[in-house]
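Working notes for the structure below.
The values are calculated or read from the model by the stated rules, or taken from the named source; none is laboratory data. Quantities reported herein were computed from a predicted structural model and do not represent experimental measurements. Cβ: placed from backbone, ideal geometry, glycine included. Neighbour counts: every protein chain shown. The protein model used for the area step is the full one, side chains on, heavy atoms only, and it has no ligands, DNA or RNA in it. Shrake-Rupley method; radii C 1.70, N 1.55, O 1.52, S 1.80 Å.
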Amino acid sequence: MELRYLRYFIAVASARHFTRAAENLGISQPPLSQQIQKLEREIGTPLFRRLTRGVEMTAAGEVLYQDASQILQLIDTAVDRARSIARGESGNLNVGFSCSASFHPAVLKLLHAYRQRYPHVTLRPQEENMPVLMSGLHNQSLDVAFVRLPCSASREFNSEILVEESMQLVIPAGHPLQRKQSIHLSELQQEPLIIFPREVSPGLYDMIMLSCYEAGYEPIMSQQAPQMTSAIGMVSAGFGITIIPRSLHFIQPGNLTYHDIENNQLTTQIALIWRKHEHSAVIMNMIHMMRNMLKSEE
């Protein structure tokens with residue numbers, strides 16, 4: 001049975017009149033009558049009683065009307081859902097974050113805009129170290145990831161830089177250099193450096209350590225923190241100093257101060273990365289939205 005037969009039948013049943021139903025459908029009345037007759041022959045029973053002014057449904061027609069209405073509603077819903085998925089307006093988006101990237105205002109702004117534009121897409125955030133994020137993208141448990149550069153492993157994927165920010169120095173309260181707005185790393189001889197384990201973000205770890213040695217600062221490596229955010233807490237507790245992205249200076253546990261790094265060559269970029277040859281509309285909508293946001297800020 002063709003679905004158009006059911007749609008024609010519903011139109012006639014709702015209008016109780018062939019001519020009005022034909023007008024509502026945008027077709028002429030004779031072809032509509034012919035289609036209803038074909039439907040009645042296929043089912044094997046009359047569906048309408050022809051009256052002087054219109055029609056009324058038979059008992060069989062009443063039953064078919066109820067079931068056909070539900071069938072067409074389910075079909076329309078299924079088509080709408082399929083189109084919504086194809087446009088990326090519904091579904092799931094698994095989003096990874098590395099090294100406190102989720103704290104940056106630009107990332108938060110993009111995520112907020114995406115949720116406003118696509119409220120029926122479920123965002124599933126996951127904060128992990130770089131190797132786990134790379135593995136997640138490979139095995140498709142993640143769709144996109146916001147990562148901190150440098151990261152050599154991210155070169156396997158498509159990427160676009162969202163923002164660049166400088167690094168800052170965090171020292172405990174009462175430190176002799178506390179009153180200086182800008183501190184050269186060479187002034188920190190033999191200071192304990194609190195840093196995340198290298199496996200969390202190898203590229204960023206190596207960049208920080210290389211910059212310290214090139215500036216003449218040879219840190220005491222006695223403490224590690226699981227993430228940059230926890231390193232700030234350890235500075236507040238007096239374990240040493242740390243170097244963080246500028247966007248984290250809003251964390252104010254007390255007993256510490258934030259400082260610019262003199263002659264600062266330490267910068268980190270946050271990039272959105274995704275698999276090459278990606279075609280998912282949900283993912284591509286995120287990428288297009290980021291590009292439009294960057295373009296509007298130029």
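Quick notes on this structure:
- Region 22-42, subset within 51 Å of the chain's Cα centre (by Cα) and open to solvent by 70 Å² or more (accessible area, probe 1.4 Å), residue farthest from LEU6 (Cα to Cα): GLU23
- Helices (runs of 4 or more DSSP H) within region 1-45 that include 2 or more residues aromatic (Phe, Trp, Tyr): 3-15
For (1) in a strand (DSSP E or B); (2) among the basic types (Lys, Arg); (3) free of Cβ contacts under 8 Å to residues at least 60 places away in the same chain; (4) not assigned by the TED database to the domain that holds ARG148, each residue gets a yes or a no:
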site	(1), (2), (3), (4)
ARG49	yes, yes, yes, yes
VAL55	yes, no, yes, yes
ASP76	no, no, yes, yes
CYS99	no, no, no, no
LEU108	no, no, yes, no
LEU111	no, no, yes, no
TYR114	no, no, no, no
THR122	yes, no, yes, no
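- Checking MET221 against (1) of a type in the set (A, V, I, L, M, F, W, C); (2) surrounded by 15 or more Cβ atoms within 10 Å (Cβ to Cβ); (3) at pLDDT below 90, the condition it does not meet: (2)
- In region 78-97, the residues that are assigned to a strand (DSSP E or B) and on the phi > 0 side of the Ramachandran plot: GLY91
- Hits in region 72-127 - residues which are over 16 Å from the mean Cα position of the chain (by Cα), open to solvent by 90 Å² or more (accessible area, probe 1.4 Å) and among the polar types (S, T, N, Q): GLN73
- Residue, most open to solvent (accessible area, probe 1.4 Å), within region 245-286, restricted to residues that are under 23 Å from ALA153 (Cβ atoms) and charged (D, E, K, R): LYS276
- The requirement of being free of Cβ contacts under 8 Å to residues at least 12 places away in the same chain, of a type in the set (Ser, Thr, Tyr) and touching a Phe, Trp or Tyr at 6+ places or on another chain (Cβ under 9 Å) is not satisfied by TYR213.
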